[in-house]
Amino acid sequence: MSVDTIARTAAPVVSYPASLAPVPTHYCPGCTHGIAHRLVAEVIDELGERERTIGVASVGCSVFAYNYFALDFAQAPHGRAPALATGLKRVSPGKLVFTYQGDGDLASIGAAEILHAAARGENITVIFINNAIYGMTGGQMAPTTLPGQRTTSSPLGRDVHTQGYPLRMSELLAQVDGTAYVARRSLHDVVNIRRAKKAIRKAFEVQQQGLGFAMVELLSSCPTNWGLEAQEALDFIRDEMVPAYPLGDFKVPEGEAPAARPGAPAAHGAPARDAGGRGKARGGAGRGGA
Amino acid sequence: MALELLKGNVAFAEAAIRAGCEAYFGYPITPQTEALEHMARRLPELGRAFVQAESEVAAINMVYGAATAGVRVMTSSSSPGVSLMMEGLSYIAGSRVPVVLVDIMRGGPGLGNIAPAQSDYNQIVKGGLHGDARMIVLAPATVQELIDLTVEAFDLAERYRCITVVLADGSLGQMMEPAELPAMRELRPPGERPAWALTGASGREPHAITSIYLDPEEEEAYNQRLQASYRHIERTEVRFEEHRMEDARIAVVAFGTAGRLSVTAIEAARSEGIRAGLVRPVTLYPFPEARLRRLADEVDAILVVEMNAGQMLHDVRAAAAGHAPVAFFGRTGGVVPMPEEVLDAIRDVHVQLSTEEAVA
């Protein structure tokens with residue numbers, strides 16, 4: 001049987017999610033945004049919610065998320081996606097509303113909006129991309145940048161004495177009574193990607209069930225601004241980010257058992273292997289984080 | 001409906017509800033807080049959305065979110081709070097969703113005070129918004145007008161897919177006077193939201209509501225569409241009121257509370273034989289420029305009265321284009337001018353004109 005015949009007769013093993021538009025990507029090679037987009041799209045398809053879902057894009061590399069998702073979408077000012085989603089959801093209670101935000105957007109300029117959306121128990125789903133750097137503007141320090149990590153605005157490595165400590169948003173938001181589901185997953189290998197998808201599905205199901213605020217934090221790569229090759233960047237997530245940002249469920253709906261219990265984060269210290277150590281710095285012109 | 005004794009802040013909040021406002025998001029700030037409190041009680045009992053936001057920054061973005069869903073939505077605030085909303089307002093203007101904002105102005109700059117002022121004319125009319133964006137601005141002078149213009153603000157915002165601001169000062173928000181509320185309008189059913197709204201892409205192509213156009217040519221083309229809409233608004237929505245202008249030689253030009261208290265001064269001037277009259281712009285954007293241009297040829301002098309250091313003054317001067325002298329009287333920082341002070345200012349203009357005539 002020729003390849004052509006197989007192509008014409010075999011059922012497709014992998015299909016393209018209906019919630020994802022068939023367009024070329026603008027994300028850098030090795031960036032995990034594409035994986036995160038696809039997981040979200042697959043989950044929305046599987047839940048049969050494509051025609052009832054409204055996304056809110058943030059400011060950062062994913063500002064054009066609406067070009068990729070075949071869904072109704074609004075584009076929020078930097079950090080304000082949870083407020084925008086609040087307004088949307090309150091007048092559209094029958095729809096699924098989710099935000100897709102990077103770390104600069106969610107944990108820095110939008111810290112107040114995410115905290116209070118969580119406190120109100122807004123019945124929305126938040127997809128939080130943590131790549132420890134501002135991607136769109138060209139690699140500046142993010143609130144999640146690791147101690148000692150070099151960026152264009154912490155050229156000697158993040159000095160916690162003058163530049164403060166990274167924020168662990170999942171741990172923080174799990175403390176808030178209004179949250180129903182808070183989990184951190186990683187996109188650095190297949191096993192973790194599959195776990196991430198389950199968590200994303202859970203975060204949408206929590207919204208379907210009206211249980212309150214749900215967030216999945218996804219540890220993600222930024223090879224361009226870390227100055228690493230694609231595989232090196234995935235290794236950096238595994239070796240440096242995961243110890244600092246433990247994976248697991250920080251909050252699950254009442255009466256449910258967590259899929260994985262996170263361990264304690266590693267003590268703060270300089271990353272053993274330094275991302276951004278090659279003096280990279282592609283000039284960026286945008287505004288915002290991941 | 002019958003006349004009731006109504007406080008301004010409560011009156012516009014209830015008027016908004018009756019105009020079909022489905023959602024309100026706000027943050028407490030004097031002197032407009034009674035509006036938020038009224039919404040907090042009334043909207044939930046009607047099954048509509050109310051959220052006290054964590055900040056004005058969040059409030060305006062909640063408003064933005066609800067607006068993208070195609071419902072009638074509003075917020076209200078006062079000067080420093082409105083400053084915090086400027087980012088969101090620019091996004092709203094840039095993505096053309098209809099929103100109503102009521103700004104009950106107070107004394108500034110900075111934290112200033114909570115007394116009535118008109119010192120945010122420039123911010124609202126000229127735009128604290130980044131980018132080439134405009135907002136329709138309506139300036140009521142009485143509680144009744146505050147009610148009527150709030151209702152109209154929703155219609156205008158929807159008609160032009162723009163922001164409509166009702167710009168009033170703290171005295172209007174706080175005063176009580178007899179006024180009539182409109183009848184309760186039926187809410188638009190969720191199935192009849194506008195075609196551009198985000199409702200989930202069911203049986204149609206997905207919609208994106210955004211204000212980003214990376215290609216400058218595309219952004220310029222978008223701006224030109226915005227500008228075309230503004231030109232249409234300028235042609236069709238100009239509103240002003242006149243008082244005793246039939247034979248006036250001195251025209252007072254004043255908006256809102258300043259216009260209202262000028263009427264007392266004009267009557268007093270008339271009793272002294274000074275032929276004064278009032279032109280009160282009701283729309284500050286679009287500004288009644290054509291009327292003021294004609295006015296400059298009709299009268300001997302114009303006196304602008306404002307509760308600020310002279311902001312609308314520059315628009316009046318531009319419209320008068322040197323065809324009539326334009327004098328100014330204002331109090332600022334939250335001081336409301338007394339009619340006697342305005343009368344003195346009218347007398348001064350009158351004396352100056354008489355002197356010039358005598359010299360001529």
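The values are calculated or read from the model by the stated rules, or taken from the named source; none is laboratory data. In this text the structure is predicted, and so the values were computed from the model without any measurement. We place every Cβ from the backbone using ideal geometry, glycine too, and count neighbours over all the protein chains shown.
All conditions in (1) away from every other protein chain (no Cβ under 11 Å); (2) closer than 29 Å to residue B:192 by Cα; (3) not in a helix (DSSP H, G or I) hold for residue B:51, with the sole exception of (1).
Would it be correct to say that residue B:222 is hydroxyl-bearing (Ser, Thr, Tyr), within 14 Å of chain A (Cβ to nearest Cβ) and outside any loop (DSSP other than H, G, I, E, B)?
Considered against the rule, which asks whether it is hydroxyl-bearing (Ser, Thr, Tyr), within 14 Å of chain A (Cβ to nearest Cβ) and outside any loop (DSSP other than H, G, I, E, B), residue B:222 comes out as yes.
Output the residues belonging to the range B:318-350 that are in a helix (DSSP H, G or I) and farther than 22 Å from residue B:271 by Cα. Matches in the range B:318-350: B:318, B:319, B:320.
Could you say whether any residue in the range B:67-82 is closer than 12 Å to residue B:133 by Cβ and β-branched (Val, Ile, Thr)? Checked against the condition, which is being closer than 12 Å to residue B:133 by Cβ and β-branched (Val, Ile, Thr), the range B:67-82 yields no hits at all. Restricting the range A:41-67 to residues that are aliphatic (A, V, I, L, M) and more than 8 Å from chain B (Cβ to nearest Cβ), the residue that is farthest from residue A:129 (Cα to Cα) is A:47.
So, residue B:46, is that one in contact with a Pro (Cβ under 7 Å, 6 or more places away or on another chain) and more than 11 Å from chain A (Cβ to nearest Cβ) or not? Criteria not met by residue B:46. Contact map, the range A:68-94: first residue under 13 Å from residue B:59 (Cα atoms), second residue modelled with pLDDT under 95, Cβ cut-off under 7 Å, separation 6 or more or different chains; the map is empty.
Just for the range A:109-125: of the residues that are within 11 Å of chain B (Cβ to nearest Cβ) and out of contact with any helix residue (DSSP H, G or I) (no Cβ under 6 Å at 6 or more places or on another chain), which one is nearest to residue A:142 (Cα to Cα)? Checked the range A:109-125; the qualifying residue nearest to residue A:142 (Cα to Cα) is A:109. Residues that are in a helix (DSSP H, G or I), of a type outside the set (Lys, Arg) and more than 7 Å from every other protein chain (Cβ to nearest Cβ) were ranked within the range A:80-108; the one that is surrounded by the fewest Cβ atoms within 10 Å (Cβ to Cβ) is A:108. Among the criteria (1) more than 12 Å from every other protein chain (Cβ to nearest Cβ); (2) more than 19 Å from the chain's Cα centre (by Cα); (3) β-branched (Val, Ile, Thr), the one residue B:82 does not fulfil is (2). Collect the residues in the range A:1-36 that are under 26 Å from residue B:204 (Cα atoms), at pLDDT 95 or above and of a type in the set (S, T, N, Q), keeping them in residue-number order. Correct list: A:19 only. Taken over the range B:82-117, the criterion of being surrounded by 24 or more Cβ atoms within 10 Å (Cβ to Cβ) and without any contact (Cβ under 8 Å) to a residue 60 or more places away in the chain is satisfied by B:82, B:85, B:88. Scanning the range B:243-291 for residues that are assigned to a helix (DSSP H, G or I) and basic (Lys, Arg) yields B:260, B:270, B:291. A single entry from A:253, A:271, A:262, A:258 fulfils the requirement of being at pLDDT below 95 and either over 25 Å from residue A:164 (Cα atoms) or polar (S, T, N, Q) (or both): A:258. Of all the numbered requirements in (1) within 13 Å of chain B (Cβ to nearest Cβ); (2) crowded, with 24+ Cβ neighbours inside 10 Å; (3) of a type in the set (S, T, N, Q), residue A:32 misses one, and that requirement is (1). Residue check: residue B:97 meets all listed conditions (1) among the β-branched types (Val, Ile, Thr); (2) within 14 Å of chain A (Cβ to nearest Cβ); (3) over 18 Å from residue A:91 (Cβ atoms) but one, namely (3).
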